[in-house]
Amino acid sequence: MTIKTADIQFNADGTPIATNFDDVYFSSCDGASETEYVFLHNNLLPQRWQQWSKPSFVIAETGFGTGLNLLVTLAAFKQHLAQNPASKISLHFISTEKFPLTHTDLVQALGAFVQFEDDAKALIDQYPMPLDGCHRMSFVNNRVIVDLWLGDIHDSLPQWHTNEDGLVNAWYLDGFAPSKNPQMWSPQLFEQMARLASKDCTFATFTAAGFVKRGLRDAGFVVEKRKGHGRKREMLAGCIASESEIQINRQQARYYQRAAYVNLATVITSNAESHAQTALASKPKVAIIGAGIAGASMAYAMAKKGYDCDIYFNDATPAQGASGNPQAGFYPQLNVDASHASQINAHSFVYAANQYRQLQSQGFQFAHQWCGVLQLGFKPALAERYAKLTESQLWPFELVRYVEPSEAAQLANCDMPYGGLFMPLGGWIDPAQLVDALFAAAAKLSQVRLYSHHALKRIEQKNVSNTAQENTRWQLHFDDSMGTSKKNENTSLALADIVIYATGAQSHGISELANFPLRMVRGQVEAVPAQAALSKLKTVLCHKGYLTPEYNGQHALGSTYVKNDLSTDYRLSEQVKNLATHYQSLSDCHWAQEVVGNAQGRAAVRCSSPDHLPLMGALADIDKQKEELSDLYKALPLGYYPKGSDITNVFMLTGLGSRGLTTAPLMAEVLASQISGQPLPMANDLLNTLNPNRFLIRQLIRREV
Ligand SMILES: Cc1cc2nc3c(=O)[nH]c(=O)nc-3n(C[C@H](O)[C@H](O)[C@H](O)COP(=O)(O)OP(=O)(O)OC[C@H]3O[C@@H](n4cnc5c(N)ncnc54)[C@H](O)[C@@H]3O)c2cc1C
Ligand SMILES: C[S@@+](CC[C@H](N)C(=O)[O-])C[C@H]1O[C@@H](n2cnc3c(N)ncnc32)[C@H](O)[C@@H]1O
């Protein structure tokens, strides 16, 4: 949903003031040094980074505002990296904001901080549109990940996933003065801060208000009064109490497991030094099965987190399945309500739009046009629905807006009697080139090896030992009829610590995926030749099907839906159907009636799911979960139910249906974050909606199993 932006004025010093709260965003005299003292110094940063033994350090902030706290933290972290070149830690900065600054106000507010010019520019470039939910940005070559959760903090924090050890290592408790913003400084906020706190979590805040001190104590924090910054006498800081003193309620629906990678290696030697070396040497080996948009997005997301990946696929080259069409429309499926499906689509689209543009700016090229997508209201009822969607202001204007027929005609550059929804960030992409660009970008960050002609048959757990350690790994068995073992002796016996299925429509042939309700739907898209009727078209048109501007002398016009048909032959009968859909939908466009095909096109099979959403996450052990969770229908408190079993270190990303180009990048980023045990850039409710075991859970709740 779209959210209200901040109402701001700038005072004579250029400091931003929030009109509604009548308070400043940061101290007029020296905002940066106040941040450094209150939040960094009192959370013992950067000293804690030096001794930090875990891979990442998580800071969470209440009230992002101008992002000044982030910029000061980035500067300190960069200094830490410069002084400690061997340091391996990455930083996660999670923040919330109810009233985000407009882009223009942000530029003005940060203009005052010339010392942070580069990071301020990176922030401004990635700053999200006012769409509620989580927006992920990255800084310092992916070493710092920033998740900005737009919306009221009371709605956002309960949606953050945490494992049983907690999530946050340091809280920056910011926000306008408690007297000016009492709604935010509530017991619910303090309880959530405690729920999300790790064992060693510290906090700091500029205020010394008594009710804040008591609230934090009641929630489980040990609170001290400390000297305030500058002329402020006092402030509060402290840490979470030890677990023997407090009981924290981290209850969530544990049957929607979010399993991370589990290191199953046991070190044989007792020598401490070689233990450390073994730990360093034992970077998990990742096998991704599939080289379509799902597999390529997964490889890129894993590579950004430092993992090497082996990609196995059964064709001669990547993107030979559904991701091999010459042109695909790039746009989200948005509804008139903020359903989970709409939210997943909206966030996936925004994330993908950024990622694709970033790839291009880094020099990874693929054919595309960001020419926008026009979803036509070609029937009166549809036009009315689209107009309502805009009136409701459900989605930000930057994402989608209603256009009258006259503007639609201008955007499409041809006669257009219909209005509709315009999505300016959309367009078309050559998916196979995009897949290549993603693999190339991944290979720039870590080792990525592509193994063609490797049809996976099954995986098997295997104990492997060398002199230093014993490990349980997955052995991959390939179909020998493809000559795999002759081609490459190493891969015919490939071993992996982590297996990720990104097998698209061929998932139906994989026994581990047999328990998931995947639906295969054949589709044919026409490659209609460039012709006079279409020569002026300059945006993607969507009706019941879609039509793209020209690329390589052809336009894509699609597509058919044939359930449970796995063949990929080109069919004249489907060309007739595709053209008929197009003529009927655009019956008032004379030029559309003149379009002709020439029996050229491509058919492929989509992998879909009963609710048309992807399946993303740990591979649930469905047979075991049926037993373990059999009394879900009793609607007992969440904490009563056990964690559902999954197949250790095996994950899946499939079921991308008709929107793979939109959903793959964010799904891959979420899954890579989950596997590496890092904060997840998506609300718990949406994660549940995507969990591969959701169909079983729904059946168990309804007692249908
Ligand atoms: C006609 C048609 C039109 C479409 N139009 C659009 C559009 O306009 N916009 C859009 O966003 N989406 C569109 N889609 C959907 C989109 O193409 C898919 O969502 C997306 O391509 C799915 O990607 P994937 O990586 O999951 O699967 P695929 O691209 O099918 O890739 C699967 C990969 O898995 C490998 N594999 C499978 N099984 C094995 C095995 N056992 N061993 C080894 N490797 C294996 C294959 O070799 C392949 O590399 C369309 C789809 C079709 C069919
Ligand atoms: C003092 S400013 C924060 C300053 C900020 N850290 C900076 O560096 O600019 C407080 C911020 O908290 C936000 N805020 C206030 N109430 C909130 C709430 N309930 N949920 C989320 N954000 C809130 C305000 O909109 C404002 O941007």
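The values are calculated or read from the model by the stated rules, or taken from the named source; none is laboratory data. Here the structure is a predicted model, which is why all the values come from computation and not from measurement. Cβ sites come from the backbone with ideal geometry, for glycine too, and all protein chains shown count toward neighbours.
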### Query
Across region 361-391, what is the total count of residues that are free of Cβ contacts under 8 Å to residues at least 12 places away in the same chain and not assigned by TED's automatic domain parsing to the domain that holds C414?
2
### Segments classed as strands (runs of 3 or more DSSP E), wholly inside region 564-657, with at least 3 members that are over 25 Å from the mean Cα position of the chain (by Cα) and within 16 Å of ligand 1 (Cβ to nearest atom)
601-608
### Query
Would a scan of region 437-451 turn up a residue that is modelled with pLDDT of 95 or more, small (G, A, S) and within 13 Å of ligand 1 (Cβ to nearest atom)?
no
### Task
Filter region 184-220 for residues that are of a type in the set (F, W, Y) and outside any helix (DSSP H, G or I) and give the result.
W185, F203, F206
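A quick yes/no check of all residues on (1) of a type in the set (F, W, Y); (2) in contact with a strand residue (DSSP E or B) (Cβ under 6 Å, 6 or more places away or on another chain); (3) within 11 Å of ligand 1 (Cβ to nearest atom):
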{"site": "N314", "(1), (2), (3)": "no, no, yes"}
{"site": "A319", "(1), (2), (3)": "no, no, yes"}
{"site": "G324", "(1), (2), (3)": "no, no, yes"}
{"site": "Q327", "(1), (2), (3)": "no, yes, yes"}
{"site": "P332", "(1), (2), (3)": "no, no, yes"}
{"site": "I344", "(1), (2), (3)": "no, no, no"}
### Query
Does V144 satisfy the criteria of being of a type in the set (V, I, T), closer than 20 Å to F64 by Cα, more than 14 Å from ligand 2 (Cβ to nearest atom) and modelled with pLDDT of 95 or more?
yes
### Task
Within region 337-381, work out how many residues are in a loop (DSSP other than H, G, I, E, B) and surrounded by 15 or more Cβ atoms within 10 Å (Cβ to Cβ).
9
### Query
So which residues in region 109-128 are more than 20 Å from the chain's Cα centre (by Cα) and either outside the structural domain of K78 (by TED's automatic domain parsing) or buried (at least 16 other Cβ atoms within 10 Å of the Cβ) (or both)?
A109, L110, A112, F113, F116, D119, A120
### Of all residues in region 316-335 being among the aliphatic types (A, V, I, L, M) and under 24 Å from S559 (Cα atoms), the one that is nearest to the chain's Cα centre (by Cα)
L334
### First in region 205-226 and surrounded by 14 or more Cβ atoms within 10 Å (Cβ to Cβ), second anywhere and basic (K, R) and in a strand (DSSP E or B), Cβ under 7 Å, 6 or more apart
A208/K225
### Message
Which numbered condition in (1) touching a Lys or Arg at 6+ places or on another chain (Cβ under 8 Å); (2) in a loop (DSSP other than H, G, I, E, B); (3) away from ligand 1 (no atom under 12 Å from the Cβ) is the only one that K538 fails?
### Response
(1)
### Query
Just wondering, is there one or more residues in region 499-507 that are away from ligand 1 (no atom under 12 Å from the Cβ), at pLDDT 95 or above, more than 30 Å from N463 (Cα to Cα) and not assigned by TED's automatic domain parsing to the domain that holds Y418?
no
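Let's see how each residue does on (1) surrounded by 22 or more Cβ atoms within 10 Å (Cβ to Cβ); (2) in a loop (DSSP other than H, G, I, E, B):
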residue	(1), (2)
G14	no, yes
S33	no, no
W49	no, no
K54	no, yes
A60	yes, no
V72	yes, no
F77	yes, no
A86	no, yes
### Query
Do any residues in region 393-420 that are among the basic types (K, R) have Cβ atoms under 6 Å from those of residues that are crowded, with 16+ Cβ neighbours inside 10 Å, where the two are at least six apart or on different chains, and which pairs are they?
R401/T390; R401/F422
### Query
Which of the residues spanning region 637-678 are hydroxyl-bearing (S, T, Y) and touching a Ser or Thr at 6+ places or on another chain (Cβ under 6 Å)?
T654, T662, T663
#### Entry: Complete set of residues in region 35-71 that are among the charged types (D, E, K, R) and at pLDDT below 95
K54
